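Enquirer: Please read through the structure below; I'll follow up with questions.
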Amino acid sequence: MATDATIPAFVINLDRDVARWQDISSTLTRLGIPFERLPAIDARKRATLIRRVIRREFHFTPANRSMKAGEIGCYLSHIAALKRIVRRNLPMAIILEDDAAFDERFAQFYRHDLSRFLMRCDIVKFEGIHYAHTSKSGVSLVKGETAQLVVPLKPALGSAAYAITGKGAVELIRALSVADRPLDHKLVYYDRHGIDFAETQPFLVSQAAYESSIEPRNLDAPPLQSTERLRQRLASIARGTKRITYVARLLVKRRLLAAKSPSVA
């Protein structure tokens with residue numbers, strides 16, 4: 001089912017990453033997607049100023065470490081993009097990082113599926129990075145022409161490409177006011193922010209093979225004390241329960257909406 005919706009894209013791009021901007025702008029032009037550059041915040045150059053002006057700890061609580069300069073810049077850049085969506089009163093928009101690489105089906109997804117998906121969820125993520133602790137499947141909400149919309153119990157990380165409604169942007173800005181995790185962790189863990197969230201399956205965007213603008217993450221955490229392991233295990237069980245409850249609520253809402261919709265002869 002084709003739609004007439006034109007959803008604008010905001011591309012987060014550092015001033016120094018000229019080649020990235022040239023690549024993604026030419027691709028979006030070819031795809032026929034309206035876009036706008038949003039200058040990224042370079043926290044490596046402005047770390048001292050940022051910490052003085054923005055009175056936040058920027059502490060990654062679960063990893064017990066300070067967020068890295070690149071993570072802080074990414075975090076603040078996404079907030080800037082969300083605020084632009086809210087200020088312009090846009091009903092929906094796409095936020096892209098400049099290393100987004102598009103699947104050959106993306107143009108069809110954009111024209112036929114994305115606006116439908118955004119009628120079901122306020123955040124639709126169509127890029128992701130899987131780790132051992134993430135899941136590659138989920139509960140299906142709706143099937144489109146190019147992908148299906150699913151709610152994963154263990155969402156993929158990454159924040160290179162997602163779409164959001166105006167309502168979702170307002171709520172996500174509020175959730176990001178507490179800077180205790182990198183942006184992608186805040187974005188995907190719907191059990192914490194409570195915003196209607198889903199992913200596409202398959203993902204229609206990946207991250208291109210550029211050198212990362214964010215310092216590589218060390219996923220090997222130091223050994224935990226037994227009491228801390230128990231605490232984290234209990235917290236994981238609680239999060240799992242909240243996610244199952246969230247998915248059940250979405251399914252009930254979908255059934256109620258289907259019941260109210262007029263039948264097609």
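Enquirer: Arrange the residues D99, D15 by how much accessible surface each exposes, largest first, with a 1.4 angstrom probe.
Expert: These residues rank, largest area first, as D15, D99.
Enquirer: Run the dipole for the stretch 59-218 about the Cα centre, Lys and Arg Cβ at +1, Asp and Glu Cβ at -1, nothing else charged, and hand back the magnitude in debye, nearest 20.
Expert: Numbers: 20 positive and 18 negative charges, 105 e Å.
Around 500 debye, computed over the stretch 59-218.
Enquirer: What order do F126, F60, F35 take when sorted by accessible area (1.4 Å probe), most exposed first?
Expert: Per-residue accessible area, sorted high to low, gives F35, F60, F126.
Enquirer: Set the Förster distance to 41 Å, then compute FRET efficiency between V142 and Q22 from the Cβ-Cβ distance, nearest 0.05.
Expert: Numbers: r = 36 Å, r/R0 = 0.87.
Efficiency for this residue pair is about 0.70.
Enquirer: Could you calculate the FRET efficiency of S66 with Y210 from 1/(1 + (r/R0)^6), where r is the beta carbon distance between them and R0 is 35 Å, rounded to 0.05?
Expert: 0.90
Enquirer: Identify the chymotrypsin sites (Phe, Trp or Tyr not before Pro) of the stretch 131-197 meeting these criteria: DSSP loop state and at most 15 other C-beta atoms within 10 Å of the C-beta.
Expert: Of the chymotrypsin sites (Phe, Trp or Tyr not before Pro), the ones in loops of the stretch 131-197 whose Cβ has at most 15 other Cβ atoms within 10 Å are Y131.
Enquirer: Hey, with R₀ at 25 Å, roughly what FRET efficiency would E36 and I129 work out to, going by the Cβ-Cβ distance, to 0.05? Show your work: numbers first, answer last.
Expert: Numbers: r = 25 Å, r/R0 = 1.02.
With R0 = 25 Å, the Cβ-Cβ based efficiency is 0.45.
Enquirer: Any idea of V142's accessible area? Nearest 10 Å², probe 1.4 Å.
Expert: V142 exposes around 20 Å² with every protein chain in place.
Enquirer: In what order, largest first, do R87, R111, R116 sit by accessible area if the probe radius is 1.4 Å?
Expert: Solvent-accessible surface, decreasing: R87, R111, R116.
The values are calculated or read from the model by the stated rules, or taken from the named source; none is laboratory data. These numbers come from a predicted model, not from an experiment. For neighbour counting, all protein chains shown are included, and Cβ atoms are generated from backbone atoms with ideal geometry for every residue, glycine included. Just so you know, the surface numbers come from the protein's heavy atoms only, side chains and all, with ligands and any DNA or RNA stripped out. Shrake-Rupley method; radii C 1.70, N 1.55, O 1.52, S 1.80 Å.
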